[in-house]
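Quick notes on the structure that follows.
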């Protein structure tokens, strides 16, 4: 399953609008027609044999100070079903759950200008997170394609065209898509793209 998290906590840093992949091999979360997760209230999946209660949305055994940590037999499952009922987040005095703000964006992203192209920054098989400035709609940097963008395209203007960010700027995560046979022109979100009818990397 592919999920979008508005604010994901990665080792103490908050990543806004993070997209992440979850692989559920067993139980049947990845199979056609099966949802990867069961919906329900917190602690609704505490094991009945455990006979505990619920405290701070975690399964809790009455009469002990510890949270439920299941002892499971080894199987070839990637993600065991019981492991989903407890949270390993350690709360500290500085932890404030009512506040959800970005602490340092410079460590999480590279700041780029409106003119920076995918080929200038996106090398190898993986690409990074980029921070685009405001005002890129008015830039003259070219964008080639729609949905998939040719590597000579402006990172920020392609993101505006696709609808990931607007003219106020923001963060963009980029993934290479490999070679495409052609790129179609279109006009979206104030950006006119160029068509290209020869094979190129995207």
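Can you name every residue in the range 177-202 that is closer than 17 Å to residue 130 by Cβ and either surrounded by fewer than 15 Cβ atoms within 10 Å (Cβ to Cβ) or touching a strand residue (DSSP E or B) at 6+ places or on another chain (Cβ under 6 Å) (or both)?
Within the range 177-202, 177, 202 qualify.
Residue 142 passes all but one of (1) surrounded by fewer than 16 Cβ atoms within 10 Å (Cβ to Cβ); (2) assigned to a loop (DSSP other than H, G, I, E, B); which number fails?
The one condition residue 142 does not meet is (1).
Each reported figure results from applying straightforward, stated rules to the coordinates on display, with no laboratory input. Since this is a predicted model, take the numbers as computed values, not measurements. Heads up, the Cβs are rebuilt from the backbone with ideal geometry, glycines too, and the neighbour counts pull from every protein chain shown.
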